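Please read the structure below before turning to the comments.
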Amino acid sequence: YRGNVTVSGDGKLQAESVETMADATLLSNGLYIFVGNLFIANEGEVTASGGYGVNISDGCIQMDGGRLTAASTQAPDVNGNLGNAIYVDLGSGTTNTGSTGNITITDGTLETENGKIYISDFGAKENQGVFTVTGGTIVNSGRLDGATKINISDGSVKTWGIDADELT
């Protein structure tokens, strides 16, 4: 709560919910950051699994190298829709400023398993709820949903589908 998580150098973080919690699906997060950010750099690695693999509320994800692997343990719904491997929202209240709600990849690898990347952009201000790739590799097993803008200028993005207000 109200803190950042930084994994850099050759550091490794493994975050997962315990099996009995995973049965509760949405109540089970691998890595949950409330009012804070996830920073990954250099050769740092983060692996997270749970109902929501990575859940960040009122914060952002920034990668400058390294690897992020996030998996949802939720079974697909009756329509075959996957859960959220990565969920980032703007939060609410006075801390909703700056890069809140963004995912920014300048290098490294972001991969999802059994889930989608979802950015909740409700109440987004200018330059919030943005998914930006300027290097690196993204391999998303589900959809990339909800972003106000998706900017891809270098690197590669492989995803099952995209739902965004703007794609460049």
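Could you work out which residue, out of Asn127, Asn55, Asn37, moves most in a Gaussian network model of the chain, that is, has the largest mean-square fluctuation with Cα springs under 10 Å?
Asn127
Report the gain in length on full extension from Arg2 to Thr134: 0.36 nm times residue separation, minus Cα-Cα distance, nm rounded to one decimal. Don't skip to the end; give the middle numbers.
Numbers: separation 132, 0.36 × 132 = 47.52 nm, distance 2.79 nm.
Stretched fully, the Arg2-Thr134 segment lengthens by 44.7 nm.
Given the DSSP H assignment, sum -39500 (n - 2.57) over each helix run of at least 4 residues in the chain and divide by its residue total; what's the result at 222 nm in deg cm²/dmol, nearest 500?
Computed mean residue ellipticity for the chain: -500 deg cm²/dmol.
Would you give the gap between the C-alpha center of segment 135-155 and the C-alpha center of segment 59-129, rounded to a whole Å?
Between the Cα centre of segment 135-155 and that of segment 59-129, the gap is 10 Å.
Take the chain, mark every one of the chymotrypsin sites (Phe, Trp or Tyr not before Pro) that falls in a DSSP loop and has at most 13 other Cβ within 10 Å, then report the longest stretch left between them, sites excluded.
Here the longest run is 2-121.
Build a GNM of the chain with springs between Cα atoms under 10 Å: which of Ala41, Ala147, Ala70 gets the top mean-square fluctuation?
Of the options given, Ala41 has the highest mean-square fluctuation.
Which whole-number percent is the relative contact order of the chain (Cα, under 8 Å, 6+ apart)?
This gives 16 percent for the chain.
Name the residue, out of Ser28, Ser153, Ser72, whose mean-square fluctuation peaks in a Gaussian network model built on the chain with Cα pairs under 10 Å.
Ser153
Would you indicate which of (1) 19.5; (2) 15.4; (3) 16.9 is the value of Kirkwood radius over Cα pairs in Å derived from the coordinates of this structure?
Structure-derived value, by its label: (2).
Any read-out appearing in this document is the output of simple, stated calculations on the displayed coordinates, not a laboratory observation. All values derive from a computational prediction rather than experimental measurement. Glycine also receives a Cβ, built like all others from the backbone with ideal geometry; neighbour counts cover every protein chain displayed.
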